[in-house]
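Asker: I am attaching a structure below and will ask some questions about it afterwards.
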Ligand code: LMR
């Protein structure tokens, strides 16, 4: 009976003139372009060529180009399964143990230096959830614009735009020297109006792989503080530059100076939990009490996606609270970082040999990405002629390279150069 009525009503909906006229209200241009990064997944999946290469998505792959589920994650999943846990809702800002472990991971030993009542951490849907909730929180602080680096992760502007922030850019990467142009960067930061937020990537800058040095972080922290700007850190690659403890040095330099800030944190890459969407929003608010901050963040989360998902956070907490699993996770993370670095060095050497240009800058870039000068026509030729998928920015996801495909990649690149 129920299915009969469903068929009846859906046939009315699909054939009535009202429905057709509603369709006509959509503007002719309503089909938007695919997402520049994630939009490449279906195209890659549909490509039948066996030699195709996925250098598009910033995700770790093993020496055979396959996705990796970390050993500690598998063990944590098994342990969780055996506990027969229920699936009740989490609190709005997530599991308290997950939240305190996240603070420890970001701040390490220094976490004890931050007064407990000035730091708040909420579990979020990946770092993207944290960027969105964080942006909405900025508006509650009467901050309505944010400056992002030129260039940055393509989705930053989308997320902030949808959260209702105005977006400006500050100078960052020099496309000739392949380095940060620090003087220009500071100059443009100096010109940002007081009360603007500034997005800073903690390490392994996406897409350029160029990060400030420790001295530059020191300088930036004073500049940003003096200018009355609000720092918002995006921390998506902790562990992929030098190691867990070292990779949040920029944030720690700011917090030592008691500068209020937000951090959007991702467990996608360093725990390989991409599709589980595990992240956190940490807020350090100087004099404000974290209880007040928590009430605002909770209201924003509840009005957005209600409460965060369970399983990914349970996996992270199980690993971080078990010394043996934590050690195993750390060792495998080190190995992943080493493999990417080996491929990076090999890529730079092979490019220099084949293309007879200096590619040493690729060796200096950090983290998952290599960033070389290519134009959209060349990227499209790589895709169409060789089945090599990269975003049009020229960003290469280095973990997609292996000893088996790197020569083919360099040859293809030489041919389209
Ligand atoms: C990337 O930059 O490739 C990743 O962060 C995946 C994404 O969401 O874009």
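Asker: Quick one: would you say residue 64 is assigned to a loop (DSSP other than H, G, I, E, B) and more than 22 Å from residue 156 (Cα to Cα)?
Answerer: yes
Asker: Select from segment 371-391 the residues that are closer than 13 Å to residue 207 by Cβ and within 13 Å of the ligand (Cβ to nearest atom) and list them in ascending order.
Answerer: 371, 390, 391
Asker: Here is a check on your reading of the model: is residue 316 closer than 27 Å to residue 41 by Cα, assigned to a helix (DSSP H, G or I) and not assigned by TED's automatic domain parsing to the domain that holds residue 401? Quick ask: steps written out before the conclusion?
Answerer: Working: closer than 27 Å to residue 41 by Cα: yes; assigned to a helix (DSSP H, G or I): yes; not assigned by TED's automatic domain parsing to the domain that holds residue 401: yes.
Criteria met by residue 316.
Asker: What's the number of the only condition in (1) surrounded by fewer than 20 Cβ atoms within 10 Å (Cβ to Cβ); (2) within 21 Å of residue 327 (Cβ to Cβ); (3) assigned by TED's automatic domain parsing to the domain that holds residue 257 that residue 79 fails to meet?
Answerer: All conditions pass for residue 79, except number (3).
Asker: In segment 149-167, what count of residues is obtained for those that are within 24 Å of residue 373 (Cα to Cα), touching a residue at least 24 places away in the same chain (Cβ under 8 Å) and away from the ligand (no atom under 16 Å from the Cβ)?
Answerer: Of the residues in that region, 0 qualify.
Asker: Here is a follow-up. Tell me, which strands (runs of 3 or more DSSP E) wholly within segment 112-209 include 2 or more residues that are modelled with pLDDT of 95 or more and closer than 23 Å to residue 240 by Cβ? Steps first, please.
Answerer: On the way: elements: 119-125, 145-150, 166-171, 197-201.
It comes to 119-125, 145-150, 197-201.
Asker: Let me ask something else about it. Quick one: is residue 279 farther than 26 Å from residue 392 by Cα, outside the structural domain of residue 393 (by TED's automatic domain parsing), part of a helix (DSSP H, G or I) and within 16 Å of the ligand (Cβ to nearest atom)?
Answerer: It is false that residue 279 is farther than 26 Å from residue 392 by Cα, outside the structural domain of residue 393 (by TED's automatic domain parsing), part of a helix (DSSP H, G or I) and within 16 Å of the ligand (Cβ to nearest atom).
Asker: Kindly provide the set of residues from segment 251-276 that are touching a strand residue (DSSP E or B) at 6+ places or on another chain (Cβ under 7 Å) and either more than 16 Å from the ligand (Cβ to nearest atom) or at pLDDT below 95 (or both), ordered by number.
Answerer: Passing the criteria: 251, 254, 255, 259, 260, 261, 262, 263.
Asker: Picking from 194, 166, which residue would you name as being loosely packed, with under 15 Cβ neighbours inside 10 Å and touching a strand residue (DSSP E or B) at 6+ places or on another chain (Cβ under 8 Å)?
Answerer: Values: 194 fails: touching a strand residue (DSSP E or B) at 6+ places or on another chain (Cβ under 8 Å).
Testing whether each residue is loosely packed, with under 15 Cβ neighbours inside 10 Å and touching a strand residue (DSSP E or B) at 6+ places or on another chain (Cβ under 8 Å) leaves just 166.
The values are calculated or read from the model by the stated rules, or taken from the named source; none is laboratory data. The structure displayed is predicted, hence computed values, not measured ones. Neighbour counts are summed over all protein chains in view; Cβ atoms, including those assigned to glycine, are modelled from backbone coordinates with ideal geometry.
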